[in-house]
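Chemist: Attaching a single structure in structure tokens format; questions to follow.
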Amino acid sequence: MPYRIVFSDIDGTLLNSERELSEFTISEIKRIKETIPVILISSRMPSAMIHLQQELDIATEPIICYNGGLIMVDQKPIHSTFISPDIVEKLNDFNRERKFHISLYHNDDWYVPEMDFWANREANNTKVTPTVKPAKSVIQEWKDHNKGAHKIMCMGEEAYIDQAYSFLEQTFGDILHLYRSKPTYIEIAHKSISKLTAIEILLKTHYNIPISHAVAFGDNYNDIAMLTAVGTGVAVANAKPETLKIADVITLSGKEDGVATFIKKNIQ
């Protein structure tokens, strides 16, 4: 079946060992982009994705941010699902002794309580600089303007992150999706969204393309639903074992240009 649209995760999938786009990846996506839309889909915020779109010359295409919590078309939100500031407040109260770092995200705003080790590492990885602002101030502002968190990131020593995970699971397990990307990280999103829900919305409202005509690339647990649902789900070789198990195709690792290799072989 011919592919009519491409969805690709970024971290661990599309980027090389320097966490950048290789020349091979750039050239292959530029080769197909006029006839086949290439959509980046990630847990990242918009500004951490747009510079990659620009390198790939696909800046006019939509992007799916925050694992599906925010869909942007022409740099404007067409779908947005966020976590209530009341929930953010309870998490912040739980962390009153500041044993772990909490990053708060809404649209293109990223707030951190201070530029500590965790904030600096994320800023280096994503090439985005956060705004330093107390969480209480952010929460109050969101309450005043009917906003919330598209994503919350908890980062810290594994023991403290274990405690945070237990608290969130017990208190908000029916509302929040908790994704442990590393032992020292928890990515938190609203439970009603996923990469797959965002793909379904975009295919229906913007492209009118059946999901069976889509190919998607991923590496992690949060990619499993989309890889299972699309016409062809492709896992890079470095993917989690559970992701490799459900994939239709396994390509080379992200660091070995697995996405570009698949595109070159299978999309003319």
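Chemist: Give me a count of the residues in the range 191-245 that are of a type in the set (D, E, K, R), touching a strand residue (DSSP E or B) at 6+ places or on another chain (Cβ under 7 Å) and either surrounded by 20 or more Cβ atoms within 10 Å (Cβ to Cβ) or under 27 Å from GLN268 (Cβ atoms) (or both). First the steps, then the outcome.
Modeler: In the first step, residues of the range 191-245 are kept if they are of a type in the set (D, E, K, R); the result is 191, 195, 200, 204, 219, 223, 240, 242, 245.
Filter once more, keeping what is touching a strand residue (DSSP E or B) at 6+ places or on another chain (Cβ under 7 Å): 191, 195, 219.
From what is left, the residues that are either surrounded by 20 or more Cβ atoms within 10 Å (Cβ to Cβ) or under 27 Å from GLN268 (Cβ atoms) (or both) are 195, 219.
Result for the range 191-245: 2.
Chemist: Looking at (1) under 17 Å from the mean Cα position of the chain (by Cα); (2) without any contact (Cβ under 8 Å) to a residue 60 or more places away in the chain, find the lone condition where GLU23 falls short.
Modeler: For GLU23, the failing item is (1).
Chemist: Looking only at the range 93-129, how many residues end up being closer than 19 Å to ILE83 by Cα and crowded, with 16+ Cβ neighbours inside 10 Å? Give the derivation first.
Modeler: At the first step, the residues of the range 93-129 found to be closer than 19 Å to ILE83 by Cα are 93-95, 101-113.
Okay, now just the ones that are also crowded, with 16+ Cβ neighbours inside 10 Å, so 94-95, 101-113.
Looking only at that region, the number is 15.
Chemist: Could you give me the residue pairs with C-beta distances under 8 Å whose first residue belongs to the range 96-125 and is polar (S, T, N, Q), whose second residue is assigned to a loop (DSSP other than H, G, I, E, B) wherever it lies, and which are 6+ apart or on separate chains?
Modeler: Listed pairs, sorted by first residue: SER103/PRO130; ASN107/MET45; ASN107/PRO46; ASN107/HIS150; ASN125/ASP11; ASN125/ARG19.
Chemist: Still on this structure: Hey, GLU157 hits all of (1) under 21 Å from ASN67 (Cα atoms); (2) touching a residue at least 24 places away in the same chain (Cβ under 8 Å); (3) exposed (fewer than 14 other Cβ atoms within 10 Å of the Cβ); (4) of a type in the set (D, E, K, R) but one; which does it fall short on?
Modeler: (1)
Yes/no matrix, rows are residues, columns are (1) open to solvent by 50 Å² or more (accessible area, probe 1.4 Å); (2) assigned to a loop (DSSP other than H, G, I, E, B); (3) aliphatic (A, V, I, L, M); (4) at pLDDT below 95:
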| residue | (1), (2), (3), (4) |
| --- | --- |
| ASN16 | no, yes, no, yes |
| GLU20 | yes, yes, no, yes |
| ILE26 | no, no, yes, no |
| ILE29 | no, no, yes, no |
| ILE36 | no, yes, yes, no |
| ARG44 | no, yes, no, yes |
| LEU52 | no, no, yes, no |
| GLU55 | yes, no, no, no |
| GLU61 | no, yes, no, no |
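Chemist: Determine, yes or no, whether LYS90 is open to solvent by 60 Å² or more (accessible area, probe 1.4 Å) and farther than 30 Å from GLU20 by Cα.
Modeler: Values: open to solvent by 60 Å² or more (accessible area, probe 1.4 Å): yes; farther than 30 Å from GLU20 by Cα: yes.
When the stated conditions are applied, LYS90 passes them.
Chemist: Could you check, for the range 145-154, whether at least one of its residues is loosely packed, with under 13 Cβ neighbours inside 10 Å and part of a helix (DSSP H, G or I)? Please lay out each step first, then the result.
Modeler: Of the range 145-154, the ones loosely packed, with under 13 Cβ neighbours inside 10 Å are 145-146.
If we keep only those that are part of a helix (DSSP H, G or I) too, we end up with none.
No, there is no match, as no residue in the range 145-154 is loosely packed, with under 13 Cβ neighbours inside 10 Å and part of a helix (DSSP H, G or I).
The values are calculated or read from the model by the stated rules, or taken from the named source; none is laboratory data. Keep in mind it's a predicted model, so treat the numbers as computed, not measured. Cβ sites come from the backbone with ideal geometry, for glycine too, and all protein chains shown count toward neighbours. For the accessible areas, the whole protein counts, side chains as well, though only heavy atoms, and no ligand, DNA or RNA atoms are used. Shrake-Rupley method; radii C 1.70, N 1.55, O 1.52, S 1.80 Å.
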